[in-house]
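Remarks on the structure that follows.
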Amino acid sequence: MISSPQNDKVKLAYSLQTQAKVRRRERKIALEGARLVGDAIARGRKPEFILYDAQAVDYGLIAEWQNRVGASNLYAAAPDIIERLSTTEHSQGIIAVLPIPMPDLPRQPRRVLILDGVRDPGNMGTVLRTAAAAGVQIVVLSPDCVDPYNPKALRSGMGAHFRVPVVEAA
């Protein structure tokens, strides 16, 4: 069981949760919660690792993920470690680190959404979720948009980041 905040996996997850520059440099994100992590896995994304609170998480779910992503990628962590990593008021006890989705861009997209100046992470996630539901084939973000992989944007996107390609313009 991981119990030290100095553990390399804990330090990486914390940095990804709190710093956009680390997400960009490492090209990784931290997902929080069973639904988001489950959606990512269901869409074929393989987490680099998953940290979970053994006291708070259903063992059946952990067993299922062990079968899908490999037992060597799942680590039990002390409740205070998971709480430290959580960006929500009530943690679900699961944090996964995985590569930022590399978009498979359609050759001739018919539905493109261009976002300019979206500054609120919750709004970003909501727009991405709506775009995915509406069949948008690619979302292009202007440089002055909020980081689409901000933890709040990921939560409000409810897995949309894995259903519609997101491209950040330079």
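Please treat every number below as a calculation from the coordinates, not as lab data. All figures in this text were calculated on a predicted structure; none of them were measured in a lab. Every residue, glycine among them, receives a Cβ derived from its backbone with ideal geometry; neighbour counts consider all protein chains shown.
Given the criteria within 17 Å of Pro151 (Cβ to Cβ) and in contact with a helix residue (DSSP H, G or I) (Cβ under 8 Å, 6 or more places away or on another chain), does Glu83 qualify? Answer is no for this residue. Taken over segment 19-47, the criterion of being within 16 Å of Leu85 (Cβ to Cβ), touching a residue at least 40 places away in the same chain (Cβ under 8 Å) and part of a helix (DSSP H, G or I) is satisfied by Arg23, Ala34, Leu36, Val37.
I need the strands (runs of 3 or more DSSP E) fully contained in segment 51-170, keeping only those with at least 1 residues that are touching a residue at least 40 places away in the same chain (Cβ under 8 Å) and crowded, with 18+ Cβ neighbours inside 10 Å. Quick ask: steps written out before the conclusion?
On the way: elements: 74-77, 94-99, 112-115, 138-141, 166-168.
Qualifying strands (runs of 3 or more DSSP E): 74-77, 94-99, 166-168.
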